[in-house]
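Here is the structure we will look at, set down as structure tokens.
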Amino acid sequence: MRLDVILPTFNRYELLKLTLESLLAADTPPQLSVSVTVVDNNSSDATRDTVESYSPKFCGRLHYVFEKRQGRSHALNAGINSTSGDLVGMIDDDEQIDRQWFGRIYEIFASGEVDFIGGPYVPHWPGAPPAWLPRNHAGVIGVVDGGSQHVYGTSDAELMGGNAVVSRAVFAKCGLDSTEPGRRGKRPVADEDTDMYPRLLAAGARGVDVPDLIIYHHIHPDRLTKRYFRRWHFWRGVSSGLLDRRQPQPTPYMLGVPRYLCGSAARGLLHMMPRIAGFRKDPAELFGDELKVLDLLGFFYGKHFYKPSNG
């Protein structure tokens, strides 16, 4: 069994070193052949030098690919196209894999009954999480826990691209990552996972969420701000609106927006009123309600007004 780990990176060479160290330290079953491909997404720092310095430690199993087109989807697709292993693993440059990561991949795929797997993101906090951080919004900064092992499509959990392994044969059925919802310039339009996951299910691929397929995610201090969360939710809404133009959801709509989004935003506004007036001062609940409104505004803008640039 051959596994290609695709590792997109952009101007994070110091964190990239930690990711590469974790890949070196992980236990690899003898039946699993592992190669790592770092895709430099037009970095201006010491990324290339870092990869070259680590190359001898990997004994020919570390490869460098340069992808000028900005965006994680472009980088992932370049990495996938440059490799040929049976499995494609996807992690990010601010993550470290658990020592048993490779072992769990081999054990799950050896059954021959699974086409893709994902797992949790365990946070490395820079300090105590802020009091205003809503628990059900921690995925914004890469804190994901799917709970007990389950088959994808049987719960609300979705496959996240920062800790995922997909059989290469599946890409022939559902295609590579869509570049339309990806980040463009300074606008963080990014909803690639939301686009890929339903395509995997539609192609008949069977996936399992594996609780001990663990990666450790570095939580960037500059993302622990309300400004970052507001911006993320608005532009995630824009991305979802863009995708909805192409693939409407099987749900009732109001003014081109899924009715459940309108209801969620309306309930959020109602909940916010007494708190703003001085009653019920739970900062996490108050901020969570605000984010529901931003989800709706972003979706509406993305569905009806946003014009993505080419490239």
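Given Pro126, Pro308, His63, which one lies farthest toward the positive end of the charge dipole of the chain, if we put +1 on the Cβ of every Lys and Arg and -1 on the Cβ of every Asp and Glu?
Positive-most Cα among the choices belongs to Pro308.
Of the listed values [x] 0.97; [y] 1.01; [z] 1.04, identify the label whose number matches Rg/Rh (Cα atoms, Kirkwood Rh) calculated from this model.
Correct label, based on the coordinates given: [x].
With a 1.4 Å probe and all protein chains in place, put Arg227, Arg259 in order of accessible area, largest first.
Final ranking, largest accessible area leading: Arg227, Arg259.
From the C-alpha coordinates alone, can you work out the Kirkwood hydrodynamic radius of segment 18-131, in Å? Please list the in-between numbers first.
Numbers: mean 1/r = 0.0633 Å⁻¹.
Evaluated on segment 18-131, it is 15.8 Å.
Using per-residue counts of other Cβ atoms within 10 Å, averaged over each peptide, order 62-70, 75-83 from highest down. Could the numbers behind the result be given before it?
Details: 62-70: 16.3, 75-83: 20.6.
Top to bottom by mean Cβ count within 10 Å: 75-83, 62-70.
If you place +1 on the Cβ of every Lys and Arg, -1 on the Cβ of every Asp and Glu, and leave all else neutral, what size is the dipole of the chain about its Cα centre, to the nearest 20 Debye? Spell out each step's value before the answer.
Values: 36 positive and 36 negative charges, 263 e Å.
Around 1260 debye, computed over the chain.
Just the accessible area per residue of the chain, please: how many Å² with a 1.4 Å probe? Walk me through the numbers before you get to the answer.
Details: 14870 Å² over 311 residues.
The answer is 48 Å² per residue.
If you put +1 on each Lys and Arg Cβ and -1 on each Asp and Glu Cβ, how big is the dipole of segment 1-142 around its Cα centre, in Debye rounded to 20? Provide the component values of the computation, followed by the final result.
On the way: 12 positive and 18 negative charges, 29 e Å.
Taking the Cα centre of segment 1-142 as origin, the dipole is about 140 debye.
Probe radius 1.4 Å, ligands and nucleic acids ignored: give me the carbon and sulfur share of the accessible area of segment 1-133 as a rounded percent. Let's see the in-between values first.
Working: 2780 of 5650 Å².
It is 49 percent, rounded to a whole number.
On full extension of the chain, what length is gained from Ala169 through Asp45, given 0.36 nm per residue of separation minus the C-alpha to C-alpha distance? Walk me through the numbers on the way to the answer.
Values: separation 124, 0.36 × 124 = 44.64 nm, distance 3.48 nm.
Length gained between Ala169 and Asp45: 41.2 nm.
Could you tell me the accessible area of Glu21 in Å² (1.4 Å probe, neighbours in place), rounded to the nearest ten?
Taking all protein chains as shown, Glu21 has close to 80 Å².
Can you give the local net charge around Ser155? Use residues other than it whose beta-carbon is closer than 15 angstrom to its beta-carbon, Lys and Arg +1, Asp and Glu -1. Walk me through the numbers before you get to the answer.
Details: positive: Arg206; negative: Asp145, Asp156, Glu158, Asp209.
Spelling it out: positives minus negatives among the neighbours equals -3.
Can you give the calculated 222 nm mean residue ellipticity of the chain, where each DSSP H run of n ≥ 4 adds -39,500 (n - 2.57) and the sum is split over every residue, rounded to the nearest 500 deg cm²/dmol?
Working: 9 runs with 123 residues, N = 311.
So the calculated ellipticity at 222 nm is -12500 deg cm²/dmol.
Work out from phi, with θ = phi - 60° and the Karplus expression 6.51 cos²θ - 1.76 cosθ + 1.60, the ³J(HN,Hα) of each residue of segment 89-94, listed in order in whole Hz, and give x for Gly and Pro.
Karplus values, whole Hz, x for Gly and Pro: x, 10, 9, 10, 7, 10.
The values are calculated or read from the model by the stated rules, or taken from the named source; none is laboratory data. It should be emphasised that the depicted structure is a prediction, and the values quoted were computed from it without experimental measurement. Backbone-built Cβ (ideal geometry, glycine too); neighbour counts: all protein chains shown. Accessible surface is based on the protein model in full, side chains and every heavy atom, while ligands, DNA and RNA are left aside. Shrake-Rupley method; radii C 1.70, N 1.55, O 1.52, S 1.80 Å.
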